[in-house]
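Below: the structure, in structure tokens.
The values are calculated or read from the model by the stated rules, or taken from the named source; none is laboratory data. Note that the structure is predicted; figures quoted are calculated from it, not measured. Note: ideal-geometry Cβ built from the backbone for every residue, glycine included; neighbour counts use all protein chains shown.
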Amino acid sequence: MGLDSGRISSTDKNLVALYAGGYRPGSSLRGGYLIYDASNDSLSVIPRLPDDDDDLHGVMGHQSAVVMCDAQGEGYLLAELVMPGFSQAGVWLWKSSAKEWVLLSGSHPLPSSRFSIDLCFSYRGSLLCWVDLLRGMLLCDLNQDCNNKFSFINLPQDCPTYDVNPEYPDIVRPDEFRSMACVCAAHIKLIALDEYGLELIVWTLSPDLSGWTMTCKYNVEKIWANVSYQPARLRQLAPSLPVLSIHEDGVVYLVVNDETIVDRRLVHKGQYLLRVDMENDEVRVSPQPTRRICSQLFASEFSAHRHTAFTASHPVI
């Protein structure tokens, strides 16, 4: 492709799906898709969506390409969500065995024309999930017929609202205070900070996907009081960018920024990554010595599929 940049969209086990270059569905920029396989350190190139049907190419976010390993683990599927019009969702599929893009039959009305994908993942080997952290989750079940493939799950009714102005939703970055993940390959969970940034709340989606149940509340003051937090000599800093571990239930990763005002200027003194085991009240504090974390962390397990020497220096979140 002659490109030197990429952006991760999703992962599944040993696979990582990336956008190459600035390409997104409907974009005229150069690029396409890449699939990295950590088990054999290989990279596969997948062409951009067909250009002969522009009505089906609407950008719906920066992370809308879902990769999913097949049941036998010998191939994979890549799914891209698009907008055929302003209120419908459609899905293009690429199978490694067929090596061509195919448009799935059927579509689903979106809850809002402002539906924007913040993250995506696969679930149970047949469900494709696209999440708008302000509105809910669109599902596509590949095992269902075209009339029942799509469904939409709203966020929990008691999920914090953060006083989001519906007329100007773009000024809010929902990844700063909430995220969603498939945890331990068993449950879809949502984690959110409350309106004051003082409590972490976790909801778990029921196995039949019918609704959410609040399963954990954890006060941020427990982090500040922890024996591992205090030796770092940090002030009581408000955390952000919560991300659930996908292989350790009850573990969340957070970012805290140590900043102060000097002569009317904001001075950045340091940044720290926190690993919090909410079930056992354990906290680990890791200073970020160089590059600052400015966007949501990305939980994955692909590095666990590489050789031991590599995984020792790249732990799985």
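Quick notes on this structure:
- For segment 66-125, filtering for residues that are more than 23 Å from ASN154 (Cβ to Cβ) and assigned to a strand (DSSP E or B) leaves 14.
- Any hit, segment 290-312, residues being at pLDDT 85 or above and either out of contact with any strand residue (DSSP E or B) (no Cβ under 8 Å at 6 or more places or on another chain) or under 28 Å from GLN63 (Cβ atoms) (or both): no
- Residues in segment 197-217 include none that are surrounded by fewer than 21 Cβ atoms within 10 Å (Cβ to Cβ), assigned by TED's automatic domain parsing to the domain that holds VAL256, closer than 21 Å to ALA65 by Cβ and not basic (Lys, Arg).
- For VAL251, the stated conditions do not hold, so it cannot be described as crowded, with 19+ Cβ neighbours inside 10 Å, assigned by TED's automatic domain parsing to the domain that holds LEU198 and within 23 Å of GLU195 (Cβ to Cβ).
- For the condition closer than 27 Å to ASP145 by Cβ and either loosely packed, with under 14 Cβ neighbours inside 10 Å or modelled with pLDDT under 85 (or both), GLY26 does not qualify.
- Summed over segment 212-258, the residues that are touching a His at 6+ places or on another chain (Cβ under 9 Å) and not in a strand (DSSP E or B) give a count of 1.
- Taken over segment 210-266, the criterion of being of a type in the set (Phe, Trp, Tyr) and over 22 Å from ARG292 (Cα atoms) is satisfied by TRP212, TYR218.
- Under the condition of being within 22 Å of ASP118 (Cβ to Cβ) and surrounded by fewer than 21 Cβ atoms within 10 Å (Cβ to Cβ), the residues counted in segment 234-248 number 5.
- Per-region count, segment 51-77, residues modelled with pLDDT under 90 and either under 18 Å from TRP130 (Cα atoms) or touching an Asp or Glu at 6+ places or on another chain (Cβ under 9 Å) (or both): 8
- Subset of segment 262-293 [surrounded by 12 or more Cβ atoms within 10 Å (Cβ to Cβ) and more than 16 Å from ILE223 (Cβ to Cβ)]: GLY270, GLN288, ILE293
- You will find that of SER122, SER96, SER116, the residue that is over 18 Å from THR11 (Cβ atoms) and either in contact with a strand residue (DSSP E or B) (Cβ under 6 Å, 6 or more places away or on another chain) or assigned by TED's automatic domain parsing to the domain that holds LEU190 (or both) is SER116 and no other.
- Residues of segment 263-302 that are of a type in the set (Ser, Thr, Tyr) and closer than 30 Å to LEU43 by Cβ: SER286, THR290, SER295, SER300.
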